[in-house]
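Peer 1: Would you mind keeping the following structure in view while I ask a few things?
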Amino acid sequence: MCPWLRWDDEPHVLESDPNDDWGWEAELARDPDWREQLIAEADGVPIGFVQIIDPAREDGHYWGEVPANLRAIDIWIGEADYPGRGHGTEMMRQALARCFADTAVTAVLIDPLASNVRAHRFYERLGFRFVERRQFGLDDCFVYRLERADWANQSSAGHELASSVSR
């Protein structure tokens, strides 16, 4: 069995996404032009999942009416031994770089559960700002948004730090 097929049943995944059946077989078989799905690996082991969508164009209208030029990210580490090791941060950095590689993209949205304080801190450290509390189906969520300018400022600061450390 592919590891991502069992990730939905992992306690730490259920804690952050208790009401969704991802429908992996059907969803991984689809390839709409408004979505990108990526499996994250560490040392060749599949450990997590990233989905990047254009929320104005996605066919389920999960985000409702939103303006063009946004992206929304779903991310999780499915393997229980891998959270808390920096993999999520690296996954988000790479996902954000993919989003903002399109110069038309103005901001990125995320929607962690309102009860997931650890996720709130994670996204805030990455520069996301709280927008609103919102109900998505059965899920009580916080909506966060990262503007291109805020990402660019954090990215350039991070690159400066990395280059000064490597000298």
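Peer 1: Name the residues in region 141-151 that are of a type outside the set (Val, Ile, Thr) and assigned to a strand (DSSP E or B), would you?
Peer 2: If the condition is that a residue be of a type outside the set (Val, Ile, Thr) and assigned to a strand (DSSP E or B), then 141, 142, 144, 145, 146, 147 are the ones that fit.
Peer 1: Follow-up question, since we're still on this one. Regarding region 61-83, can at least one residue be identified that is open to solvent by less than 50 Å² (accessible area, probe 1.4 Å), under 24 Å from residue 153 (Cβ atoms) and at pLDDT below 90?
Peer 2: Within region 61-83, one or more residues are open to solvent by less than 50 Å² (accessible area, probe 1.4 Å), under 24 Å from residue 153 (Cβ atoms) and at pLDDT below 90.
Peer 1: Please count how many residues of region 25-36 are part of a strand (DSSP E or B) and among the basic types (Lys, Arg).
Peer 2: 1
Peer 1: Here's a follow-up. Based on this model, can you work out whether residue 4 counts as modelled with pLDDT under 90 and either assigned to a strand (DSSP E or B) or among the small types (Gly, Ala, Ser) (or both)?
Peer 2: no
The values are calculated or read from the model by the stated rules, or taken from the named source; none is laboratory data. As the structure is a prediction and not an experimental result, all values here were calculated from the model. Don't worry about glycine lacking a Cβ; one is built from the backbone with ideal geometry, like all the others, and counts go over all protein chains shown. Heads up: the accessible areas ignore ligands, DNA and RNA and are worked out on the full protein's heavy atoms, side chains in. Shrake-Rupley method; radii C 1.70, N 1.55, O 1.52, S 1.80 Å.
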